[in-house]
Amino acid sequence: AIEHPSLVRVFDLEQRDPRWIYIVMEYLPGITVSQYLKTRGALSATDAAKITLGLLSALAAIHGHGFFHRDVKGSNVLLVNGDPGLCKLLDLGIAKAADHGTTLTAQGMWVGTLTAMAPELFDGVRFDVRSEIYSVGLLLYIMLEASAPFPRDHLPTRLEAMMKGPRLPARRMSPTLWNVICRALSPDPMKRYQTAMAMHDALSQAMLDTEVAVIGAGDGAPTDLLPPIQMPIGSGGGNNEDFSIDETAKEYGEGANSPGGSPPLSTDPVTQRG
């Protein structure tokens, strides 16, 4: 039902077998933002802003229809023909309706990509627009730096860092652009932008600021060298689960299937997608 220039077009959804549902989408040649960063490095502020503005506009359309995307990350953003000016938000496989918790996944599941999640979701707070804003801010930082704003080696360490805000960037950017990122990545949802269009307007205004300064000397690791996030030893299961996979969404159930006590998940994308 949703058509938007920055959202992949879905033509049909059918179920011809009780076990499988398939989606027919438009064909889009290009590379993902994650692939771009790994092969070409960080994007310019102008290109990163173009992509982010397109994503925010697409998310506003999704939110306007009563849904959340819930998995905004680099591998779910396609640059058509490699052009940062032509971005498409992909993968609505774990989209969730805002009313009554209706979802395409089972009840009681922790859904998404852990390295793209807002901190409140780890405390069981219900996903809302502010959670989506956090993921967009995270992606904007990564596009500008080609590095992560938080450590990824250990989940508790990461959560502690998220409470303090993003590490200082190494590249030059305007203070107003940095302020947009910091607000989007606030650990307090009430201090973030409350709608996608509010962040869209703030970012548009920030890009008019021609002042550029070295904000700080960050120590982020390159995206292609990011280690997996590991759960602490003694949490009820092995500590070698990979929580850094950026190419595939994962689901975690409660109890025995929670991140702390589950066996390694299948690497089969069909299993992970549900």
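Among the candidates V136, V125, V80, which residue alone is more than 14 Å from the chain's Cα centre (by Cα) and modelled with pLDDT of 90 or more?
The conditions single out V80.
Would you say L79 is within 20 Å of W178 (Cα to Cα) and either touching a strand residue (DSSP E or B) at 6+ places or on another chain (Cβ under 8 Å) or open to solvent by less than 40 Å² (accessible area, probe 1.4 Å) (or both)?
On the way: within 20 Å of W178 (Cα to Cα): no; either touching a strand residue (DSSP E or B) at 6+ places or on another chain (Cβ under 8 Å) or open to solvent by less than 40 Å² (accessible area, probe 1.4 Å) (or both): yes.
Taking the combined requirement at face value, the residue does not satisfy it.
Can you tell me which residue in the range 193-233 is modelled with the highest pLDDT, limited to those that are of a type in the set (D, E) and not in a helix (DSSP H, G or I)?
In this case the residue turns out to be D209.
Condition check ((1) of a type in the set (A, V, I, L, M, F, W, C); (2) open to solvent by 60 Å² or more (accessible area, probe 1.4 Å)) across all residues:
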position: M163; (1), (2): yes, yes
position: P166; (1), (2): no, no
position: M173; (1), (2): yes, no
position: A184; (1), (2): yes, no
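Scan the range 124-176 residue by residue and report those that are among the hydrophobic types (A, V, I, L, M, F, W, C), assigned to a helix (DSSP H, G or I) and farther than 22 Å from L89 by Cα.
Matches in the range 124-176: L155, L159, A161, M162, M163.
Looking at (1) part of a helix (DSSP H, G or I); (2) within 15 Å of L138 (Cβ to Cβ); (3) open to solvent by 10 Å² or more (accessible area, probe 1.4 Å), which is the only condition M190 fails?
Only one criterion is unmet by M190, namely (2).
Taking the options V8, V24, V33, name whichever one is among the hydrophobic types (A, V, I, L, M, F, W, C), modelled with pLDDT under 90 and buried (at least 16 other Cβ atoms within 10 Å of the Cβ).
Only one candidate passes the filter, namely V8.
The values are calculated or read from the model by the stated rules, or taken from the named source; none is laboratory data. None of the values given here were measured: they were computed from a predicted structure. Virtual Cβ from ideal backbone geometry, glycine too; neighbours counted across all protein chains shown. Side chains are part of the model used for accessible areas, which takes the heavy atoms of the whole protein and leaves out ligands, DNA and RNA. Shrake-Rupley method; radii C 1.70, N 1.55, O 1.52, S 1.80 Å.
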